[in-house]
Every structure is written in C-alpha cells, then in structure tokens.
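The values are calculated or read from the model by the stated rules, or taken from the named source; none is laboratory data. Since this is a predicted model, take the numbers as computed values, not measurements. So basically every Cβ, Gly included, is an ideal-geometry build from the backbone, and we count neighbours across all protein chains shown. SASA here: full protein model, heavy atoms, side chains in, ligands and nucleic acids out. Shrake-Rupley method; radii C 1.70, N 1.55, O 1.52, S 1.80 Å.
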Amino acid sequence: MMAINGHQFTIIGVMPRTYCGPQIGDMAQIYVPMSVQHLLSPSHDIEARDHWWVNIMVRLESQADETQVKATMEGLFLQTLLAPGQGSHMDDPHILLVDGSRGLLGMRKQIALGLTVLMLAVGLVLIIACANLAGLLLARGAARRQELTIRAAMGAGRARLIRQLLTESLVLSLVGAGLGLLLAIWIKAILLGFVPDTLESFHLSIGMDLRVLLFTLGAAVVTSLLFGLLPALRVTRVDLCSGLKGQRALGVPGLHLGKVLVAAQVSLSVLLVVGTGLLLQTLINLYRTDLGFSTDRILVFGVNPSQAGYKDANSVKFYDQVEANISGLPGVRSVALSSDSLLGGCRAANGFSIPGRTQQNQDMMADNLNVSEAFFETIGIPLLRGRSFERTDTPSGPGVVIVNEAFVRTYFPNEDPLNQSIRMGDNRNYQIVGLCANAKYECVQRDVEPTLYFSHRQAMPGSMFFEVRTAGEPLTLVPTVRKIVADLDRTIPLENVSTQLQLFKNSITSERIFTYLCGGLAFLGILLSCIGLYGLLAFMVSRRTGEIGVRMALGARPKDVAWPVIRNAFWLAGFGLIVGIPVALVFVRILRSVLFGVNPYDPINIVFSILLVITVAVLAAWFPARRAAKIDPMEALRYE
C-alpha cells in the first residue's frame, strides 16, 4: 500500500526499469487508473466536455482496415461534439491516425528538424575528412611512385598494389574511428552539462552500445573503400620506363585531383561556417531579447495544495500563510504567485468576447495568467496605467483583469482600455483596471501574445508557482522554504524548484546545444580544410625543391618563391568560395524555422565567412611559403 495525496493505493504491478512511456519526456513513476482522476487532480474534471487532454492509443488487429476504423472513430467523435453541453468549437473536426509503434509524436516532431540538420553537418564533416584522407593518400602515392614502379617491375600486379593501398587506408580509417569513439565519450560528458535536468529523467539512452560501434565501424570501412579507391587507382597507373629512372621532374604533375579535393573541402567548410554563423547570431539574439521582466535573484517553486484536499478559499488561505512566512525571512525582498512560471514552457489560453460589440471575432483568444497582488513588482513587469490587484479583489467582488500592450493593440487599438469589460467563457464580466508592459510568457522564442492577468483570489487556482525575489543567492533559501511549507502541511511538497534565470536558460537549451555542436563541427571542418590545404602546399614545395633552388640560384628573392605558394592557396580558397557561397545560400533555407531575429541571407555573416576562409587559407599557406623562402640553393641542387 502507498498513499498518494492522502488516498490509499494498492501496488498491483512493477514495470521494467527500461520502460519509458509512449512519449519522450514522460517522467511518470506511478501509473493509476484514469477513473481516479478526480482524486489526484480535482481541477481537471474528467467529465468536462470542453477539456481535450486524453491521448487515445489503439492496438489494431492484424486484419483490421485502418480506413474503416478511422471512419467509425470520426462518427463517434462527431456525436460527442454535437452532444448537449459541449462547449468546444472546431472548424474542421476529424480524427488523425498515426503510427504509434515509436510512441506519440510530441517532442519527436519538435526536435526532428534540429537533429536532421545536425546529422547533415556531421555528414559534411565526414565528407571533408574523407576528402582530406583521399588527398593525403594521393600525395603519399605520388611520393611512393618509384617504390610502386619497382614493385610492378618485380611482378606485382596492379590489383595487388591497389589491395595494399586500400589496406593502408582502411587501417587509417579504423584508427581514426577508434580515436573518434574515445573522443565521443568525452564530448558526451560535456553535453550532459548543458541539459537542465538529466537525460535519465527523459529515459533517453545516449550510451556507446553495439549499434554505435557497428555504425562507426561500417562508416570507417565504407569511407575508406570509397575515398581510398580513387587515389589507389591513380597512383598505381605507373610507367615503368620513366618511373625506374628515379628522376624528379621540375614541377608537380598529376596533382590536379588533389587541388580539386582541397577546393571541395573549402566549399563544404563554407556551408558549415555560414550555418554556424546564423545559429550563433540566433543564440546571441535570444540572450539579448527583452523579456519584459527581470530574471535576477528570483527563486521559483510550485505548490499544489489541491492534491492534499484543499479547495477554493482554503487554497488561497494556505497560499497567504506561505507568502507571509516567506516574506518575513531575512534577505527576502518580495513574494508573488502565478498560475504558471514565466518561461516554464507552459501557458494557458482562453477565448473571450467584448460586451457591446456587434461584430465579434470568433478567434478572440488571449493567454491567461492568474497572479497575486505583488506579481508585477516582484517580477519587474512595469505597470503602465491603472492599478494592480488588491486583496479586496475577491470572488464576491467585481471581476477585474489587467491586460498587456499586445492585448490593447489587438482588441482596443483606438480606444482607452481602462474600465472596458471583457466576458470570459464562464459568462462573467471582468473590468480592465490596469495596463502592463509586454512580457514573455511561455518561452523566449514565441512572440508576446495578448495576455490577460487575473487575480488569483478570483480565479481559485488549484496549483500556483511562487516567485521570491531575494537579496542574495536564491537557492540558499530552498531548505528554509521547504521547512515553512512542511510546517503548514507536510503532505504538500515543493515542485519544480528553480530560479528565474535558470528557467530562462532552460528555455533556450536546445538552441545552446545545437549552436555549440554545429560550432564544433564547423571548427572541425575548417581545421580539416586547413590541414588539407597545408598538406597539399607542403607537398608541392617539397616536390619543387630543385626548381626553387634553381630559381634562387638565378637571383630570385625569397618573396618571389613564397608568393606563388600563397597565391595557390588564394586560388584554391577562391574556387571553394565560388562554389560554397551559392550552395550555402540555398541550404540556409533549411534553418529558417530555428533562427530567431536573423536574416538567413545576412550579408555580414556571409562576409565574415569569406574573411574567415581566406584567413585560414593564408595561415595554411604561411608555413609552406616560409619553408620555400628559406631553401638554400646549394643544398637544394645537391639534393637533386
């Protein structure tokens, strides 16, 4: 037996530890019959015909016809909508059947785009790495041309040489995959630090299991075969006569493919840099967004006395006692209550009408928030006109409401909103007694909607959130606050304890993780491109040592031999930019839905990306150019 909200329940079964529910984010630890809804959540009447909250899951028989099942369910649904007392209005009521084999859609749809873009970025980095490896193998094969020629002269067939080179590329890929797995374990620990709670509470498994190992092994084998085959085919095309002479030609023939690979790496890096720049601007805009209130030094926690049997006036009395006791604590500046925490990810919205207007808009909707008298002062939302709520605003008195600027612009654009009345769904009129500034409600990304603030004394809410503004660190008050609530009623726990600043950070967690990951991938991509460009230029300088020695012996200055190396870097970066920028402008449209306050075709971002690529190209060319400028003509000619 166990007691839940003062009611006794018998434990009849234990679910497996790995069970995670039908939806991502389902953190339920106890499951009870739906028939006891009125005991655990009295504020949500299971018989209410205007409250749609149930997800229906059906297991169909193997021979069932989905079309027929859908038609039958829609018939029952329409009958429900036409039943007396039905308060909901739907323009196009219908039933949607979706595959539930992987759970409910919900959060999967929200994170699908982000994960898709992230996988595309990972794919681009993988292609860059493979192109880098192909360029390395191509240069290595060119340096080993005489060795391969001798092997061919001694009877080794071309297929035997190709197998040897593919084996070498496979070993490189497998070693890289192993190091990547070790690095992934370290990166995973860092990512967990950005998650507001823990991923275990969401039952998401991100461990290194057999699937990850097999995927990594498969990717290593496939990429090594695909990108190692072309260099192998090219370098094994040997000419025995010229190869056995062992003489170096003046110049570096046969490196056109290497240049193409480097230009391709630059082009792909441009895609990553442009996309990351947009995401970084989005994150900066989110941090700079005017929330309409202050997040500094505010403790937030929830309390739900209705689950302990409190109703209506008793709940309000309990809240008053908690508020009074917390207000007397040292370091507490003010205490407020609200039905939802700001930026907590939840919101309430209801329809309303305006008495006296002949033409009513069927879509008159506004966000609703029940708050206490000190809410606007505690949170820091400016009250522009009128008055705040008072303790005399009781259920027996006239209904009062405070509206925000968005509400006035939408529904009273040419009228004075004060003393106007609105009628809610319960047919009660509420008089507008105050006008406050706009403030974010559900999340940072969402625009401020028309919002109605009601007195919590007139709304009789079941659960409320406390906002406690402190002089010091808010979380240090948690033990004391917990004791205060327990002294009043030990069956009522604190819920969702946090700070307003942490709620703000949690509301942009996905953007933070997404930006950091894409930024890391862009850095890795540009680094690989830099290494590839450096490797190509360094190889070209080493192969042209004799030519450079001859030129310097004939009077060429160091800058005369260094400039062609840098010029080659500019040409390769330029070709990469010419291809990469237009492609990036096409692909940034995918990011439209995840951007905030950013133009996808922002010219500043594009110019910055171009300058970054050019800077990286110069850095990659600096060391080979410096080496070329320091070549001693006598040593170079003796080496030849």
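Once every Cα of region 560-599 carries one equal point scatterer and solvent is ignored, give the base-10 log of I(q)/I(0) from the Debye formula at q = 0.24 Å⁻¹, two decimals.
Rounded to two decimals, the profile gives -0.78.
Counting only the heavy atoms of the protein chains, how much of PHE539 is accessible to a 1.4 Å probe, in Å² to the nearest 10?
30
Can you find, among LEU170, HIS7, LEU271, the residue farthest towards the positive end of the dipole of the chain? Put +1 on the C-beta of Lys and Arg, -1 on that of Asp and Glu.
LEU170
Please report the projected area of region 402-532's Cα convex hull averaged over all directions, in nm².
14.6
For region 569-640, which trypsin sites (Lys or Arg not before Pro) pass both filters: DSSP loop (anything but H, G, I, E, B) and at most 11 other C-beta atoms within 10 Å?
Taking region 569-640 and a limit of 11 other Cβ atoms within 10 Å, the loop trypsin sites (Lys or Arg not before Pro) found are LYS630.
To the nearest 0.05, what FRET efficiency results for GLN431 and MET1 with a Förster distance of 56 Å applied to their C-beta separation?
For R0 = 56 Å, the calculated efficiency reads 0.65.
Order the peptides 429-440, 559-570, 405-416 from the highest to the lowest mean number of other Cβ atoms within 10 Å of their residues.
Working: 429-440: 19.6, 559-570: 17.4, 405-416: 14.8.
Going from most to least packed, we get 429-440, 559-570, 405-416.
Quick one: how many Å² of LEU488 are accessible to a 1.4 Å probe, rounded to 10?
Number for this one is 60 Å².
Per DSSP H run of at least 4 residues, take -39500 (n - 2.57); add these up for the chain, divide by its residues and hand me the 222 nm value, nearest 500 deg cm²/dmol.
Mean residue ellipticity, 222 nm, calculated: -17000 deg cm²/dmol.
May I ask you to derive the FRET efficiency for GLU66 and GLN23 from their Cβ-Cβ distance with R0 = 22 Å, giving the value to the nearest 0.05?
Numbers: r = 22 Å, r/R0 = 0.98.
After rounding to 0.05, the efficiency reads 0.55.
Kindly provide the Kirkwood hydrodynamic radius of the chain in Å, to one decimal, from all pairs of distinct alpha carbon atoms.
30.6
Suppose the chain between ILE284 and ILE56 were pulled fully straight at 0.36 nm per residue; how much longer would it get relative to their current alpha carbon spacing? If you can, show how the numbers build up before the last one.
Details: separation 228, 0.36 × 228 = 82.08 nm, distance 4.07 nm.
Once the chain is fully extended between ILE284 and ILE56, it gains 78.0 nm.
Volume per residue, Å³, of the convex hull around the alpha-carbon atoms of region 517-611?
Cα-based convex hull of region 517-611, divided per residue, equals 109 Å³.
Need one number: the % of Cα-Cα pairs in region 339-417 sitting beyond the 22 Å mark.
34
Hull surface divided by four, with the convex hull built on the Cα atoms of region 279-341: how many nm²? Let's see the in-between values first.
On the way: hull surface 25.8 nm².
Average of the hull's projected areas for region 279-341 equals 6.4 nm².
Per residue, what accessible area does region 526-640 have, given a 1.4 Å probe and all protein chains present, in Å²? Can you show the working numbers first?
Numbers: 6330 Å² over 115 residues.
On a per-residue basis, 55 Å².
When we measure straight from the Cα of LYS630, which lysines land under 22 angstrom away, once same-chain ones fewer than 8 places off are left out?
LYS559
Which Cα, out of VAL322, VAL221, VAL448, lies furthest along the positive dipole direction of the chain (beta carbon charges, K/R +1, D/E -1)?
Positive-most Cα among the choices belongs to VAL221.
Report the label-to-label distance for ILE604 and VAL36 in nanometres (one decimal), using points 7 Å from each Cα along the Cα→Cβ vector.
5.8
Which one, GLY331, MET73, TRP571, projects farthest toward the positive side of the charge dipole computed for the chain from Cβ point charges (K/R +1, D/E -1)?
Final value for the positive-end residue is TRP571.
Mind checking the dipole of the chain: about its Cα centre, +1 per Lys or Arg Cβ, -1 per Asp or Glu Cβ, Debye to the nearest 20?
Here the size comes out at about 4060 debye.
State which helices in the chain qualify, where a helix is a whole DSSP H run, it must extend 18 Å or more along its own axis by its Cα atoms, and its mean Kyte-Doolittle hydropathy must be at least -0.5.
66-82, 106-143, 158-192, 210-235, 256-288, 313-327, 509-543, 558-587, 603-629
How big, in percent, is the set of alpha carbon pairs in region 456-506 lying more than 17 Å apart? Kindly include the intermediate steps, with their values, before the conclusion.
Numbers: 594 of 1275 pairs.
Result: 47 percent of Cα pairs exceed 17 Å.
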